[in-house]
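Reading through the structure tokens given below for one structure.
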Amino acid sequence: VQLVESVGGLVQAGGSLRLSCAASGSIFRTLNVGWYRQVPGKQRELVATMSWYGGSIPTYADSVKGRFTISRDNGRNMVYLQMNSLKPEDTAVYYCNANKPGVSGWGQGTQVTVSS
């Protein structure tokens, strides 16, 4: 599966930004999806995930709970990450991921910078 993320951007602390990720292929609706982020010198960390089956409850890193929302549109092969109340510590390169046993794909990464 191939994934292409939208361009991130620069936003002031307290602001909002929505990331999009477009997936190729016909199996998207069977894939679990997620957003991860990475800052230089640190490991990539999980931000949010959503399972493939309808009605699943998304999971979030404690640091983003209540501020970020992951969603998907299976009809358009899209994954979204709505980010509100952004903080400088949210600055990172964000990656989308789609996976199931035997299949995994990553986007190219998009920079999000939050200024104080």
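The values are calculated or read from the model by the stated rules, or taken from the named source; none is laboratory data. Keep in mind it's a predicted model, so treat the numbers as computed, not measured. As a convention, Cβ positions derive from the backbone with ideal geometry for all residues, glycine included, and neighbour counts pool all protein chains shown. Calculation scope for accessible area: heavy atoms of the full protein, side chains included, ligands and nucleic acids excluded. Shrake-Rupley method; radii C 1.70, N 1.55, O 1.52, S 1.80 Å.
Positive end of the dipole of the chain (Cβ unit charges, origin at the Cα centre): among Ser116, Asn32, Thr69, the Cα lying farthest that way belongs to Asn32.
Ordered from longest to shortest, the equivalent ellipsoid semi-axes for the chain are 23, 14, 13 Å, each the square root of 5 times a Cα gyration tensor eigenvalue.
Beyond 17 Å, the tail of the calculated P(r) for region 29-83 holds 38 percent of the Cα pairs. With contacts taken as Cα pairs under 8 Å and at least 6 residues apart, region 35-116 reaches a relative contact order of 25 percent. Accessible surface of the chain, 1.4 Å probe: 51 percent of it comes from carbon and sulfur atoms. Here the Karplus relation 6.51 cos²θ - 1.76 cosθ + 1.60, evaluated at θ = phi - 60°, turns the backbone of region 92-99 into coupling constants of 4, 8, 9, 10, 9, 9, 9, 7 Hz, with x for every Gly and Pro.
Calculated accessible area for the chain comes out at 54 Å² per residue, all protein chains present (probe 1.4 Å; ligands, DNA, RNA ignored). Net charge dipole, the chain: roughly 140 debye, given to the nearest 20, about the Cα centre with Cβ charges of +1 for Lys and Arg and -1 for Asp and Glu. Each residue of region 49-62 was assigned a 3J(HN,Hα) from its phi angle through the Karplus curve 6.51 cos²θ - 1.76 cosθ + 1.60 (θ = phi - 60°); the sequence is 9, 8, 6, 6, 7, x, x, 5, 9, x, 10, 9, 5, 4 Hz, with glycine and proline shown as x.
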